[in-house]
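Single-structure report; data block below.
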Amino acid sequence: MAADGTAGASVAAGTGRARAAGGGRWVEVAPDRFARWVAAFAERHGAITTEPGRLAMTFRAADGAAAECHPPFPPLPAPDRGTWPDDPADLAALIAAHAAADRTVGVFLVRLGGFAAGVFAGSPPRLISSKVGTRLVHGRSAAGGQSQQRFARRRENQAASAIGAAADTAVKVLAPYAERLDAVVLGGDRRAITGARADPRLRPVMRHAVDRFLTVPDPKLAVLRDTPRLFLAVRIHLTGPA
């Protein structure tokens, strides 16, 4: 596989997986490997120029390849004296330092079968408060008639109970840190999280919510503990020659 992750299904230098996308490919790279990733991109594709920005940083190579890098927790700090460094290595270092900065981050994961809430602090992030739980929600029934209608009502009640329990958990874990949170990262199932985050008790927490969404399996404690690997990664959109 290429060192810049443009071929194959995973990224040797990153965290997460390469994801095919219209007009290119997405890869995810850990902060401590990002500088080496940019160097490998230049080695493979030729000398690179930069297009700095606070929301995304683009590296363009001599052969036409481009890497549009999206740091976590945007925007990047404004450059000193209003001028970005000319050296791509210096820009890569800025992105890596921003990604790995000391923050207090709340995480809220919800799927209909389970939920998890946690608070991470420090650099590297350490889980300082957490709670996970499960609720039974039956799958959809293939039966018809009144039996199906009764089943559907029961499932709706189970789903509502599960989302309510998830919101209760987030209130217990995240609300005490509402004034200390730098960011809140959401994940799981989008429809389920939409219902849970709408709880009025979570408004002080959800004002810190970021756009990045973590698509994760059932939110067990191990899944929650692994989320820093996902929310710290620099996401890179690769286009041009492989």
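With a requirement of 3 or more residues that are free of Cβ contacts under 8 Å to residues at least 40 places away in the same chain and under 22 Å from T134 (Cα atoms), the helices (runs of 4 or more DSSP H) lying completely within the range 171-235 that satisfy it span 190-197. With respect to F73, is the statement that it is outside any loop (DSSP other than H, G, I, E, B) and modelled with pLDDT of 95 or more true? No: the conditions fail for F73. So how many residues does the range 164-180 have that are under 11 Å from V205 (Cβ atoms), touching a helix residue (DSSP H, G or I) at 6+ places or on another chain (Cβ under 9 Å) and either open to solvent by less than 30 Å² (accessible area, probe 1.4 Å) or among the β-branched types (V, I, T) (or both)? Qualifying residue count for the region: 5. Among the residues of the range 76-86, those that are at negative phi and either open to solvent by 30 Å² or more (accessible area, probe 1.4 Å) or at pLDDT below 95 (or both) comprise P77, A78, P79, D80, T83, W84, P85, D86.
Pull up the range 24-42, narrow it to residues that are under 16 Å from the mean Cα position of the chain (by Cα) and more than 18 Å from P88 (Cβ to Cβ), then point me to the one that is surrounded by the fewest Cβ atoms within 10 Å (Cβ to Cβ). Ranking the qualifying residues of the range 24-42, first place goes to W26.
Of all residues in the range 91-102, those that are farther than 12 Å from L232 by Cβ and in contact (Cβ under 8 Å) with a residue 40 or more places away in the chain have Cβ atoms under 7 Å from Cβ atoms of residues that are assigned to a helix (DSSP H, G or I) and open to solvent by less than 20 Å² (accessible area, probe 1.4 Å), 6 or more apart or on another chain, in A92/F34; A92/V38. Number of residues in the range 168-208 that are within 18 Å of A121 (Cβ to Cβ) and among the hydrophobic types (A, V, I, L, M, F, W, C): the value is 10.
A quick yes/no check of all residues on (1) modelled with pLDDT under 95; (2) polar (S, T, N, Q); (3) within 22 Å of A30 (Cβ to Cβ):
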position: G106; (1), (2), (3): no, no, yes
position: V110; (1), (2), (3): no, no, no
position: G118; (1), (2), (3): no, no, yes
position: L136; (1), (2), (3): yes, no, no
position: A152; (1), (2), (3): yes, no, no
position: E156; (1), (2), (3): yes, no, no
position: G164; (1), (2), (3): yes, no, no
position: P176; (1), (2), (3): no, no, no
position: V184; (1), (2), (3): no, no, yes
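Would you check if A96 is modelled with pLDDT under 95 and among the aliphatic types (A, V, I, L, M)? Taking the combined requirement at face value, the residue does not satisfy it.
Examine the range 110-127 for a residue that is open to solvent by 20 Å² or more (accessible area, probe 1.4 Å) and farther than 26 Å from R197 by Cα, and state whether such a residue exists. Checked the range 110-127: at least one residue is open to solvent by 20 Å² or more (accessible area, probe 1.4 Å) and farther than 26 Å from R197 by Cα.
The numbered conditions (1) modelled with pLDDT of 95 or more; (2) among the small types (G, A, S); (3) assigned to a loop (DSSP other than H, G, I, E, B); (4) closer than 20 Å to R229 by Cβ are all true for G14 except (1).
Conditions tested, residue by residue: (1) small (G, A, S); (2) touching a helix residue (DSSP H, G or I) at 6+ places or on another chain (Cβ under 7 Å).
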{"position": "A183", "(1), (2)": "yes, no"}
{"position": "L186", "(1), (2)": "no, yes"}
{"position": "A192", "(1), (2)": "yes, yes"}
{"position": "L202", "(1), (2)": "no, yes"}
{"position": "D211", "(1), (2)": "no, no"}
{"position": "P217", "(1), (2)": "no, yes"}
{"position": "L221", "(1), (2)": "no, no"}
{"position": "D226", "(1), (2)": "no, no"}
{"position": "V234", "(1), (2)": "no, yes"}
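Scanning the range 59-73 for residues that are surrounded by fewer than 18 Cβ atoms within 10 Å (Cβ to Cβ) and either acidic (D, E) or without any contact (Cβ under 8 Å) to a residue 60 or more places away in the chain (or both) gives A62, D63.
Is it fair to say A56 is under 21 Å from the mean Cα position of the chain (by Cα) and open to solvent by less than 10 Å² (accessible area, probe 1.4 Å)? In short, no.
The values are calculated or read from the model by the stated rules, or taken from the named source; none is laboratory data. Because the structure is predicted, anything quoted here is derived from the model rather than measured. Positions of Cβ are generated from backbone atoms using ideal geometry, with glycine treated the same way; all protein chains shown enter the neighbour counts. Accessible surface is based on the protein model in full, side chains and every heavy atom, while ligands, DNA and RNA are left aside. Shrake-Rupley method; radii C 1.70, N 1.55, O 1.52, S 1.80 Å.
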